[in-house]
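No value in this document is a laboratory result; all are computed from the given coordinates. Values in this document were obtained by computation on a predicted structure and should not be read as measured data. Every residue, glycine among them, receives a Cβ derived from its backbone with ideal geometry; neighbour counts consider all protein chains shown.
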Amino acid sequence: MTIDTTPKMRWWDRLAHPGQFLAWTGYLVWPLIILTALLFALGLYFAFFNSPADYQMGDTVRIMYVHVPSAWLSQFVYGAMAVSALGTLVWRHPMADVSMKAAAPLGAAFTAMALFTGSMWGRPTWGTFWEWDGRMTSTLVLLFIYLGIIALWRAFDDQLRAARVIAVFTLVGAVNVPIIKFSVDWWSTLHQPASVFRADGPTMPPSLLIPLFIMFFAFTFLFITLQVVTMRTEVRRRRVITLERKAARETGA
Amino acid sequence: MNGFSGILRRELRLALAGGGDMLTLVLFFVITGALVPFAVGPDRELLARIAPGIVWIAAFLAMLMGLDRLLRPDREDGTLALYRLADLPLSAILAAKVIVHWLTSALPLILAAPFLALILGMDPQTFWRTLLSLLLGTPALAAFGTFGAAVTVAIRRGGLLAPILIAPLCVPVLIFGVGAISPLGGPDQAGAALLLLAALSLMACALSPFAAAFAIDWGEE
Amino acid sequence: MTQRQVYPEISLVAEGLACGRGGHALAADIAIALAPGQGLLLRGPNGAGKSTLLLTLAGLLPPLAGSIRYAGHDAEAGPALHYCGHRNGVRARLGVAQTLDFWAGLNGRTGLSIAAALEEVGLAGAAGLDAGYLSAGQQRRLALARLLVTRRPLWLLDEPSAALDTAGQALLARLLADHLARNGLAVIATHDAIAVPDLSVLTLGEAA
């Protein structure tokens, strides 16, 4: 891979070089960790001690502070992956590959967390761990897509080649996710038109909204932090593999 | 268009010469459907109620089963590399593949569907609706399937991967496919489902050859 | 058959070419300049990157560095090259003539007729057979016949003489000589001797 070393390098191009990426994001990791920790401390304090219990659901409503941000991230991470996929295909940005690969397990984890907290919440409120409600179902399908993408990453030997193929699949998935969501909503209203449970009703008192808002940011920054750290690990892993191959060739020759 | 029809002829000839493949697929479809009564019990009423779902699931699985034979043999004998150097664009070749995939793995199932409908005790009206929804929905499955095969063709042991990848994307096809049959939401909803199913098929057939061509071009060594 | 078709004059120019798989270069800094009517033999030990270079020239692999140009080629006229790799692209269940007809339909019937091409490679008697009944050498002859039914000026051949008997090697040499005489170009990776005069040689992997 040749690197263009003209003096006018934009941050974009600078990030394109793995070594530069490591150097630049090195400064970011600790501030991100501290910011995330602070947001979580604040958010959890509000969530546990400074927000009222629901008059119907009692203390179980506090699951919402984990559930809603995870559910948001399960979709946001897919968006990040789709943008990275565009970066791979359109701009051939080397870090976009890495970003796409790093995001998939994170997205799967957040989606699984959204499902898990959703069913924990569903047990006391619906009386069952799993309800075939529109949201839960489309989140489950999203989890399957994430897991499929992770399986695809693992199946390829050559990660550079994998990146472009998976980028195409990710984009096709991105076109499909709204269709899946629409179809699942259509399906769930068809089968149970009466009681559709809504987690975030339009009217929510500020005492619930403020902690939710903080947790929202805390989770988003958690994702960003994990994404940056995972990308750094992946860059290093690739470097190690390259060095190992080189060493193997030199001893072999 | 000489080359396009040439591919259709070649693939059909191969499918008919190796007639075993198509027969296996039909058998898989019929056996899957026929296994359900053993699992849920010979309750005629229950079976008749879930028959459209059974037929659709069986068709869905059977079409996913056939994916590995769609592009992998072409890759293994070097034909796929030559396709990329052909006069015809790769996307056109893959469009032909979608058609062939539908003709060899969906059409036989649709032809075998009456047998399954009979043993599951479907009433005639439901049966005709099932046939219609299969006819409208299976092109989308063929298109998604071709895309899945293209994504996994470069992987040496990608046999089971394509079905795993494609199944979640095909959820809408299944939903609208069965929704177009079952009288749950009333005739209005069933009609809407039928239209949505047709829209899905059209869109998938139009776009998937291009997506599949991208995946092959960028994924091949 | 009497009148000789001549190709448009195309030359192949590759400069500073590096090729390899998975981001790792097998062969680097390759310069190739082929004028119409010239053939190039690629030589070198196993693993030197001969096949990879051919795939790169064919455009089936992206070059890691450098450029490949087909000077004088009109992009409107379709692909300029034939690639013939280790794998013959022959399906056992399909007839010999059917296989050839399929490729002619796909790539354009600009060359010999199916019957003439089969005659040329010595498979005229097998036209109605399934390709699965052919021996490895005969399948390779069928793969070579594919180059005859569609005229393309550049041939990229990877071990074309593998599995060919003495008569087959002579046939290959005759086809190549004829191809070059029509202003065609050829790049051939092989370990065998090819009885065609005036082939230049590029050896890969020596003291890399």
Subtracting the Cα-Cα distance from 0.36 nm times the residue separation, let me have the gained length for C:ALA173 to C:HIS86 in nm, one decimal.
29.5 nm
Between A:PHE182 and B:LEU23, what FRET efficiency follows from the Cβ-Cβ distance if R0 is 41 Å, with the result rounded to 0.05?
0.65
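Between B:ALA192 and C:VAL13, what's the calculated FRET efficiency when r is the beta-carbon distance and R0 is 51 Å? Round to 0.05. Write down the numbers at each step before the final one.
Numbers: r = 60 Å, r/R0 = 1.17.
E(calc), rounded to 0.05, equals 0.30.
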Please list 3J(HN,Hα) in residue order for segment C:65-73, calculated via the Karplus relation 6.51 cos²θ - 1.76 cosθ + 1.60 where θ = phi - 60°; whole Hz, with x for glycine and proline.
7, x, 9, 10, 10, 10, 5, x, 8
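Using 0.36 nm per residue of separation minus the Cα-Cα distance, give me the extension gain between A:ALA151 and A:ILE241 in nm, one decimal. Present the calculation step by step, with values, prior to reporting the outcome.
Numbers: separation 90, 0.36 × 90 = 32.40 nm, distance 2.01 nm.
Extra length available between A:ALA151 and A:ILE241 comes to 30.4 nm.
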Segment A:81-156: which chymotrypsin sites (Phe, Trp or Tyr not before Pro) are DSSP loop and have at most 14 other beta-carbon atoms within 10 angstrom?
A:TRP91, A:PHE129, A:TRP130, A:TRP132
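Under the definition of Cα pairs under 8 Å and six or more residues apart, what whole-number percent is the relative contact order of segment B:2-220? Could the numbers behind the result be given before it?
Working: 262 pairs, mean separation 59.0, N = 219.
That works out to 27 percent.
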Taking only Cα atoms, what is the 0 to 90° angle, nearest 10, from helix A:134-155's long axis to the longest principal axis of chain A?
20
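Give me the number: length gained by fully extending B:ALA206 to B:GLN125, i.e. 0.36 nm times residue separation minus the C-alpha to C-alpha distance, one decimal in nm. Let's see the in-between values first.
Details: separation 81, 0.36 × 81 = 29.16 nm, distance 3.11 nm.
26.0 nm is the gain from fully extending B:ALA206 to B:GLN125.
Taking GluC sites (Glu not before Pro) that fall in a DSSP loop and have at most 16 other Cβ atoms within 10 Å as cut points, what is the longest piece of chain C between them? Walk me through the numbers before you get to the answer.
On the way: sites that count: C:GLU9, C:GLU206.
Here the longest run is C:10-205.
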Share antiparallel - DSSP beta bridges, the protein assembly as shown, percent rounded to 5
45
Which of the aspartates and glutamates could be linked to B:LYS97 by a straight reach, that is with a Cα gap under 12 Å, when you skip same-chain ones fewer than 8 residues away?
B:GLU11, B:ASP74
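Between B:ARG13 and C:ARG43, what is the FRET efficiency for a Förster distance of 35 Å, r being their Cβ-Cβ separation, to the nearest 0.05? List each step's numbers first, then the result.
Details: r = 40 Å, r/R0 = 1.15.
The value I calculate is 0.30.
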